[in-house]
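Visitor: Below you will find the structure I want to go over with you.
The values are calculated or read from the model by the stated rules, or taken from the named source; none is laboratory data. Keep in mind the model is a prediction, meaning the values are calculated, not measured. Positions of Cβ are backbone-derived with ideal geometry, glycine not excepted, and every protein chain shown enters the neighbour counts. Surface areas here come from the heavy atoms of the whole protein model, side chains and all, with no ligands, DNA or RNA. Shrake-Rupley method; radii C 1.70, N 1.55, O 1.52, S 1.80 Å.
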Amino acid sequence: MHRRLFPRALAVLALVATAATAGAPTATAEAPTPAQTRLHATIDAILADSRLAGAQAGVVVVDTTTGQTLYDRNGERRLVPASNTKLLTSTAAMELLGPGHRFTTDVSGDGVRHAGLLSGNLYLRGGGDPTMLAEDYDRLAAEVAAAGVRVVAGNLVADDTRYDRTRLGPDWTWDDESYYYAAQVSALTVAPNTDYDAGTVIVHAAPAGQAGTRPKITMTPDNGWLRIDNRAETVATGETTISFEREHGGNTIVVTGQIAVGQAEESDWMTVWEPTGYAADIFRSALQRHGVRVLGRTVLGQATPADAKPVARHDSMPLADLMVPFLKLSNNGHAEVLTKELGRVLSGSGTWAAGLTAISEYVGDSGMNTGTLRQRDGSGLSRRNMIPPAQFVALLSAVRAEPWFDTWYAALPVAGNPERFVGGTLRSRMRGTAAADNVHAKTGSLTGASSLSGYATDADGHVLAFSIVLNNYLTSSVKGLEDQIAIALASYTEKGTTTARLAVPTAPESPRVPEGLECSWVKPTVC
């Protein structure tokens, strides 16, 4: 297991130790400056909002230039962080796997090859790549055909043994199962488009030409692994109420509701039951298109023999590039694959337990006090994750010294930037404020839990590391309060002598997001 002890970790721990753990904010061991007093008053006023009545709020701000703790409220209180958990997973992956790490999917065969006939099996081996598209499987099939294979006498074997067969996080709620943010994790999978939501399919419903008939249902990618049960109706006029739901334990997608003649098609992302079979189905169809016949059946979960001969290979983009869709769009599947990949690479075990151990080792060596937190998955979908805001700030402060930091920092969502793969989950927030194109931070959302942790460059040019974690509120959203704090940090300056409280910043309203979902989870263009 990779272990190291950074000198800076000791400094970060000492810095965090100066922060008070009680409800009242503390600046530093020294008396607060007038500017810090104003900042305290401003954040206090934001946290006094009625939307947080009866809720829990943890906020910590550290000036990484001076090492001063500028604000701490409940910094050591363990709170549910939602997708801020990805800060731990992503930094550990960048350090322990490396920015150049790639996932390999390959094809090999056993038996004898003669005159276009492969006498044995054809093996499709997954390396965990969450970015494999149908086109990538098509290219692999084309390589098989180009190698001269025309008939496979044996079976098509889908080898997903790089990771274990535990597909879903043990703490994930059952009613999330069919939705794409809770996709099953397999070392062999398919993503439907370049958001790379591996283990999902996009289902489309278009109205028929006349009322009283079933809408036309299609899937991206087209496949034979899932079945459609179309109970919906095309109507002459009226509101579109199309709904998609995958039945538990199988691959039947039930389509209900109505859609009017002439209306635009409705689409949604659905998870697949057993992604290994999904990938094998896509690949087998591609082989057929390229003139390669497999006479045997499709076998799932069997390992590739050591003496199998290579036929085709596909390497993923490097991890440095994967960080962009992963962090910008808060992709849960990427987080879980990286967790299992860490376990596989560092200990030979592609499991959640092994991966989480590796993450804990890294973040502990980087300055987090792992005795004060609990991480149960890579993405933050589990409600049993508990991480204090002060520990997020310790990590954010420490990783600024890493050689890969600039790449990782650029992959964080950027406040107010409308470009989807720049602004990410912050693209519709804090526009037209001091925080726009300034704050780089990771968002997090579950029902009753919201978080924002990252960096703001203040008006003096100092980089502030901050963490805001809000829990147990009853209102639909507290994102505006997070934004107000981030705007205050981007506007902060030590210049000036007045002790008057700053006006509480106004945060522009973001589009309404369904309860419990991050902006990135509302597809395709709500925010």
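Rundown of residues vs (1) part of a strand (DSSP E or B); (2) more than 19 Å from residue 279 (Cα to Cα); (3) of a type outside the set (Gly, Ala, Ser); (4) open to solvent by less than 10 Å² (accessible area, probe 1.4 Å), yes/no style:
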residue	(1), (2), (3), (4)
129	no, no, yes, yes
138	no, no, yes, no
157	yes, no, yes, yes
170	no, yes, yes, no
175	no, yes, yes, no
186	no, no, no, yes
211	no, yes, no, no
219	yes, no, yes, no
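Visitor: When you scan region 230-243, how many residues do you find that are open to solvent by less than 50 Å² (accessible area, probe 1.4 Å), over 18 Å from residue 180 (Cβ atoms) and assigned to a loop (DSSP other than H, G, I, E, B)?
Guide: Quick first cut of region 230-243, residues open to solvent by less than 50 Å² (accessible area, probe 1.4 Å) only: 230, 232, 234-235, 238, 240, 242.
Going one step further and asking which of them are over 18 Å from residue 180 (Cβ atoms), we end up with 230, 232, 234-235, 238, 240.
Narrowing further to those that are assigned to a loop (DSSP other than H, G, I, E, B): 232, 238, 240.
Residues flagged as open to solvent by less than 50 Å² (accessible area, probe 1.4 Å), over 18 Å from residue 180 (Cβ atoms) and assigned to a loop (DSSP other than H, G, I, E, B) within region 230-243 amount to 3.
Visitor: Tell me the strands (runs of 3 or more DSSP E) entirely within region 246-302 that contain at least 2 residues that are out of contact with any helix residue (DSSP H, G or I) (no Cβ under 8 Å at 6 or more places or on another chain).
Guide: Working: elements: 252-256, 258-260, 266-271, 298-300.
The strands (runs of 3 or more DSSP E) meeting that bar are 252-256, 258-260, 266-271.
Visitor: Can you tell me how many residues in region 441-457 are buried (at least 21 other Cβ atoms within 10 Å of the Cβ), more than 10 Å from residue 486 (Cα to Cα) and not small (Gly, Ala, Ser)?
Guide: Within region 441-457, residues that are buried (at least 21 other Cβ atoms within 10 Å of the Cβ), more than 10 Å from residue 486 (Cα to Cα) and not small (Gly, Ala, Ser) number 3.
Visitor: If residue 474 satisfies all but one of (1) at negative phi; (2) open to solvent by less than 10 Å² (accessible area, probe 1.4 Å), what's the number of the condition it fails?
Guide: Looking at each condition in turn, residue 474 falls short on (2).
Visitor: Only one of (1) more than 14 Å from residue 211 (Cβ to Cβ); (2) surrounded by 14 or more Cβ atoms within 10 Å (Cβ to Cβ); (3) free of Cβ contacts under 8 Å to residues at least 60 places away in the same chain fails for residue 246. Which number is that?
Guide: Failing condition for residue 246: (3).
Visitor: Check 346, 356 and return the single one that is at pLDDT 95 or above, open to solvent by 10 Å² or more (accessible area, probe 1.4 Å), in contact with a His (Cβ under 8 Å, 6 or more places away or on another chain) and part of a helix (DSSP H, G or I). Outline the logic, then answer.
Guide: On the way: 356 fails: in contact with a His (Cβ under 8 Å, 6 or more places away or on another chain).
Within the list 346, 356, the selection yields 346.
Visitor: Among 162, 139, which is in contact with a Gly (Cβ under 6 Å, 6 or more places away or on another chain) and in contact (Cβ under 8 Å) with a residue 40 or more places away in the chain?
Guide: Details: 139 fails: in contact with a Gly (Cβ under 6 Å, 6 or more places away or on another chain).
None of the other options fit; the residue is 162.
Visitor: May I pose another question? Taking the residues in region 78-95 that are of a type outside the set (Lys, Arg) and open to solvent by 10 Å² or more (accessible area, probe 1.4 Å) as candidates, determine which candidate is nearest to the chain's Cα centre (by Cα).
Guide: Going through region 78-95, the residues of a type outside the set (Lys, Arg) turn out to be 79-85, 87-95.
Then drop every residue that is not open to solvent by 10 Å² or more (accessible area, probe 1.4 Å), which leaves 80, 95.
Values: 80: 16, 95: 18 Å.
Looking at residues that are of a type outside the set (Lys, Arg) and open to solvent by 10 Å² or more (accessible area, probe 1.4 Å), I get 80.
Visitor: Ok, one more. Taking the condition of a type in the set (Gly, Ala, Ser) and part of a loop (DSSP other than H, G, I, E, B), does residue 444 pass?
Guide: On the way: of a type in the set (Gly, Ala, Ser): yes; part of a loop (DSSP other than H, G, I, E, B): no.
Considered against the rule, which asks whether it is of a type in the set (Gly, Ala, Ser) and part of a loop (DSSP other than H, G, I, E, B), residue 444 comes out as no.
Visitor: Further, regarding this structure: Considering only region 29-54, how many residues are out of contact with any Asp or Glu (no Cβ under 7 Å at 6 or more places or on another chain) and either surrounded by fewer than 18 Cβ atoms within 10 Å (Cβ to Cβ) or among the hydroxyl-bearing types (Ser, Thr, Tyr) (or both)? I'd like the intermediate steps shown before the answer.
Guide: Residues of region 29-54 that are out of contact with any Asp or Glu (no Cβ under 7 Å at 6 or more places or on another chain), as a first pass: 29-32, 34, 36-54.
Among the residues that remain, those that are also either surrounded by fewer than 18 Cβ atoms within 10 Å (Cβ to Cβ) or among the hydroxyl-bearing types (Ser, Thr, Tyr) (or both) are: 29-32, 34, 37, 41-42, 44-45, 48-51, 53-54.
Qualifying residue count, region 29-54: 16.
Visitor: Could you tell me whether any residue of region 110-129 is in contact with an Asp or Glu (Cβ under 8 Å, 6 or more places away or on another chain) and aromatic (Phe, Trp, Tyr)?
Guide: Checked against the condition, which is being in contact with an Asp or Glu (Cβ under 8 Å, 6 or more places away or on another chain) and aromatic (Phe, Trp, Tyr), region 110-129 yields at least one hit.
Visitor: Another question, then. Checking residue 285 against (1) over 18 Å from residue 126 (Cβ atoms); (2) surrounded by fewer than 24 Cβ atoms within 10 Å (Cβ to Cβ), only one condition comes out false. Which one?
Guide: Against the list (1) over 18 Å from residue 126 (Cβ atoms); (2) surrounded by fewer than 24 Cβ atoms within 10 Å (Cβ to Cβ), residue 285 comes up short only on (1).
Visitor: Being assigned to a helix (DSSP H, G or I), open to solvent by 30 Å² or more (accessible area, probe 1.4 Å) and more than 29 Å from residue 66 (Cβ to Cβ) is the filter here, so list the residues in region 370-426 that pass it.
Guide: 420, 421, 422
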